[in-house]
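Just below is one structure, and these are the notes that go with it.
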Amino acid sequence: MAQLGRFALNRLILTSRKHVTPTKLNAIRNFQKNHDVFFLRCTSSTTSAAPKDDDYHTIIKDTEKPTGAPTKHEFQAETRMLLDIVARSLYSDKEVFVRELISNSSDALEKFRFLTLSEDDAVRQKLKEPNRVLEIHISTDKQNRTLTIQDTGIGMSRDELVANLGVIARSGSKAFLEELKKKKDLMTDASGNIIGQFGVGFYSVFMVADKVDVYTRSSMEDQGYKWSSDGTGSYEIQEAEGVQCGTKIVLHLKIDSREFCDDTTVESVINKYSNFIGSPIYLNGKKANIVKPVWLSDPKTVTLQQHNEFYRFVSGSYDVPRYILHYNTDVPLSIHALLYFPEGKPGLFEMSREVESGVALYTRKVLIKNKTDNILPKWLRFVKGVVDSEDIPLNLSRELLQNSALIRKLRDVLTSKVVKFLLEQLNKKPEDYEKFYADYGLFIKEGIITNPVQSEKEDAAKLLLFESSHKNQGEKVSLNDYIERAKESRTIFYLAAPSRSLAEASPYYESLKSKQQEVLFCYEPYDELVLMQLQQFKGYRLVSVEKDMRDDKNANDLSNLGEDSLKRSEVNELSDWIKKQLSGKAVEVNATTRLENHPCVVTVEEMAAARHFIRTQSHQLSEDRRYAILQPKFEINPRHPIIKKLHKLMTSDPQLAELLANQLFANSMVGAGLVEDPRVLLTSMNALLAKTLEKH
């Protein structure tokens, strides 16, 4: 019944081919593939010689028998040398031979599937067993130390054996595709499933085998053949009986490669490289590729449960994805991407830049690299998932990407899509995004600091969040939010402080607060480094409030200090005296009008860089050397009671005035975060207290 149903389906396709559009034809072909699976289940119990259970199914049988005398063929000298390179040097890992053989078998199945749907009646009529099930079978034999792989694909004739296996770097798949292009056949969409490119994959078997036997029968002929070689420079071809349509490869494994006759080892290699091949793969009678290539499905049809299961498969973790980005496009590149953002927080090891990317790279459903660093930037290494692109330029071994503009384009497209996706999450569900940002914001900031391209920095900066002086404590805003509320000044102000209370009480914030100028508060030590590296965002300058104070020339205008202030002459006198007392520490001492409730403040050229220097390198230098590098300016408030009292003490008690001036400077350095250990202030503070209390 199943055979009759499939036969009827094939005839429907063949007889109506001239009236079917490419879109409908694809739909019919997909239905046919599903029917193959149904037919397989219906016939598996009868085709198995020794069924173990309902799922057991194998076609591998020892029915082949060579006949007649073999003919010996010599590889050319150059071919022999190339064969040695392929077998010994081309591939970085021996296990990839399994991937190459499965890919070749998959191509053979796709070629046969194409011919069954061909518009050429003569071609279709020549096909042997046109309704056979298309599948790949692998068996292992520990006792005889062999590995066998067999497909029900197109097979090879004697001439094709010589052409395809006798000449290295001649790709039968590539020649097949070129022939399709010449014919301009309606079915050229089959090329999307053809994997082979270089014609060297088969020869990877000689990394693990000291002898290889190939049994094959073309789907156009009744005669089968055996091809044999030990990979040393020659091969033999002879006729054989009992050969099934398709190709069967028997590897006689080397002693040091005997692990590949263990089904557990082979299964792990299949799962790693070839799990998503379109045709079913059976290992010792059991279905091996059970996970579907979810990334090729219509995003609307994939359930959350399927995503959770596939996420666990690609990530090797047991949590669930926080966000899911399923992306398919053909412009400007063919890209099928399924990316997951983990629910769990990153561990200390994951924070390291030495950790590889969690995105696997596939081309036509075949794994190229399990961890690929150059298709997403390093700062997105926490993203897990799969990227599949037919446009990826590979090197000969299909293990490395060629350094080309296409790779950069792929990277740019994917990175832009990830940033856009996260920005959408920020706008749709800000509370959920804030939780994500709390866990993974450090990676985003790393991307800004390490990226030399300004446009890419600004793209990542769209994802930053900070508290704002115009919002309640705990409420976060983005740089885009800040710009929407910005006034005429094209400047984004920010202030680094350990907490909200210290930020609002900062002497640097006083003046901007009185002007009702919005300021972003940076609580993490590296936040201000990020904004300093960013420099600008959408044409707005990013300026720390400390630097704004240092560069504010209007603040030094003392023409209208008011009655409660020191006079201009007194200010100049006090400034000169303090500069003398702070010789070797402050490079300048000036009065400023930007302070209201604080007596004084210290500014340096780049406060963020200075604080980073103090935290990481200052302990190696002497105090004089530190001050020489920092070049701090000491700015005093001529209206503050302490400063006015200090001016009187200059003459009435010079010793106490000197202690007070040094303590005010030290306090300002602490307030600026430019002192590595505030405990060094205790000695000078105690001396000041002792001097102050002498009269009491």
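Data table
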{"quantity": "Any hit, region 302-311, residues being in a strand (DSSP E or B) and within 17 Å of PHE421 (Cβ to Cβ)", "calculated": "no"}
{"quantity": "First in region 663-675 and closer than 17 Å to VAL545 by Cα and open to solvent by 10 Å² or more (accessible area, probe 1.4 Å), second anywhere and among the hydroxyl-bearing types (Ser, Thr, Tyr) and in a helix (DSSP H, G or I), Cβ under 7 Å, 6 or more apart", "calculated": "none"}
{"quantity": "Selection count where residues are open to solvent by less than 80 Å² (accessible area, probe 1.4 Å) and over 20 Å from ARG626 (Cβ atoms), scope region 549-568", "calculated": "10"}
{"quantity": "Residue match in region 176-189 (condition: modelled with pLDDT under 95, in contact with a Leu (Cβ under 6 Å, 6 or more places away or on another chain) and open to solvent by 10 Å² or more (accessible area, probe 1.4 Å))", "calculated": "yes"}
{"quantity": "Hits in region 579-603 (condition: part of a strand (DSSP E or B) and small (Gly, Ala, Ser))", "calculated": "ALA591"}
{"quantity": "Residue in region 492-510 that is of a type in the set (D, E, K, R) and within 27 Å of the chain's Cα centre (by Cα) present", "calculated": "no"}
{"quantity": "Criterion (in a loop (DSSP other than H, G, I, E, B) and at pLDDT below 80) met by exactly one of LEU376, LEU396", "calculated": "LEU396"}
{"quantity": "Residue count for region 252-269, restricted to those that are closer than 20 Å to LYS286 by Cβ and not polar (S, T, N, Q)", "calculated": "8"}
{"quantity": "Residues (surrounded by fewer than 18 Cβ atoms within 10 Å (Cβ to Cβ) and over 56 Å from the mean Cα position of the chain (by Cα)) located in region 571-599", "calculated": "ASN572, GLU573, ASP576, LYS580"}
{"quantity": "Answer residue from region 336-383, given it is open to solvent by less than 60 Å² (accessible area, probe 1.4 Å) and without any contact (Cβ under 8 Å) to a residue 12 or more places away in the chain and is nearest to ASN104 (Cα to Cα) among those", "calculated": "SER352"}
{"quantity": "Neighbours by Cβ (under 6 Å, 6+ apart or cross-chain): first from region 502-525, part of a helix (DSSP H, G or I); second not β-branched (Val, Ile, Thr)", "calculated": "ALA503/LEU495; ALA503/ALA497; ALA503/PHE521; GLU510/GLU596; SER511/ARG594"}
{"quantity": "Cβ-Cβ under 8 Å pairs, at least 6 apart or on other chains, region 637-654 side open to solvent by less than 60 Å² (accessible area, probe 1.4 Å), far side of a type in the set (Gly, Ala, Ser) and not in a helix (DSSP H, G or I)", "calculated": "ASN637/ALA591; PRO638/SER565; PRO638/ALA591"}
{"quantity": "Identity of the residue in region 198-249, aromatic (Phe, Trp, Tyr) and not in a strand (DSSP E or B), that ends up modelled with the highest pLDDT", "calculated": "PHE206"}
{"quantity": "Scan of region 534-548 for residues that are open to solvent by less than 50 Å² (accessible area, probe 1.4 Å) and over 17 Å from ALA609 (Cα atoms), ordered by number", "calculated": "PHE537, GLY539, TYR540"}
{"quantity": "Tally of residues being in contact with a helix residue (DSSP H, G or I) (Cβ under 9 Å, 6 or more places away or on another chain), part of a helix (DSSP H, G or I) and under 17 Å from ALA496 (Cβ atoms) across region 442-483", "calculated": "6"}
{"quantity": "Answer residue from region 265-279, given it is within 15 Å of HIS137 (Cα to Cα) and β-branched (Val, Ile, Thr) and is farthest from the chain's Cα centre (by Cα) among those", "calculated": "VAL266"}
{"quantity": "Every pair of residues 6+ apart whose Cβ atoms lie under 6 Å, when the first sits in region 589-615 and is under 23 Å from GLU676 (Cβ atoms) and in contact (Cβ under 8 Å) with a residue 60 or more places away in the chain while the second is open to solvent by 50 Å² or more (accessible area, probe 1.4 Å) and part of a loop (DSSP other than H, G, I, E, B)", "calculated": "ILE614/GLU676"}
{"quantity": "Options ARG132, ARG124: the member that is among the charged types (D, E, K, R) and assigned to a loop (DSSP other than H, G, I, E, B)", "calculated": "ARG132"}
{"quantity": "Selection status of PRO507, open to solvent by less than 30 Å² (accessible area, probe 1.4 Å) and of a type outside the set (A, V, I, L, M, F, W, C)", "calculated": "yes"}
{"quantity": "Among residues of region 492-541, those that are among the hydrophobic types (A, V, I, L, M, F, W, C) and more than 21 Å from VAL601 (Cβ to Cβ), counted", "calculated": "5"}
{"quantity": "Residues of region 486-501 satisfying the condition of being open to solvent by 60 Å² or more (accessible area, probe 1.4 Å) and part of a helix (DSSP H, G or I)", "calculated": "SER501"}
{"quantity": "Tally, over region 312-359, of residues that are under 17 Å from the mean Cα position of the chain (by Cα), β-branched (Val, Ile, Thr), closer than 28 Å to GLU434 by Cβ and not in a helix (DSSP H, G or I)", "calculated": "3"}
{"quantity": "Unique residue being farther than 30 Å from ASP388 by Cα and either surrounded by fewer than 16 Cβ atoms within 10 Å (Cβ to Cβ) or at pLDDT 95 or above (or both) when the list is VAL453, VAL477, VAL419", "calculated": "VAL477"}
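Each row is one residue, and each column tells you yes or no for (1) out of contact with any Pro (no Cβ under 9 Å at 6 or more places or on another chain); (2) assigned to a loop (DSSP other than H, G, I, E, B).
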| residue | (1), (2) |
| --- | --- |
| ASP256 | yes, no |
| PHE260 | yes, no |
| THR265 | yes, no |
| SER268 | yes, no |
| PHE276 | no, yes |
| SER279 | yes, yes |
| VAL291 | yes, yes |
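The values are calculated or read from the model by the stated rules, or taken from the named source; none is laboratory data. Because the structure is predicted, anything quoted here is derived from the model rather than measured. Every residue, glycine as well, gets a Cβ built from its backbone with ideal geometry; the counts of neighbours run over all protein chains shown. SASA here: full protein model, heavy atoms, side chains in, ligands and nucleic acids out. Shrake-Rupley method; radii C 1.70, N 1.55, O 1.52, S 1.80 Å.
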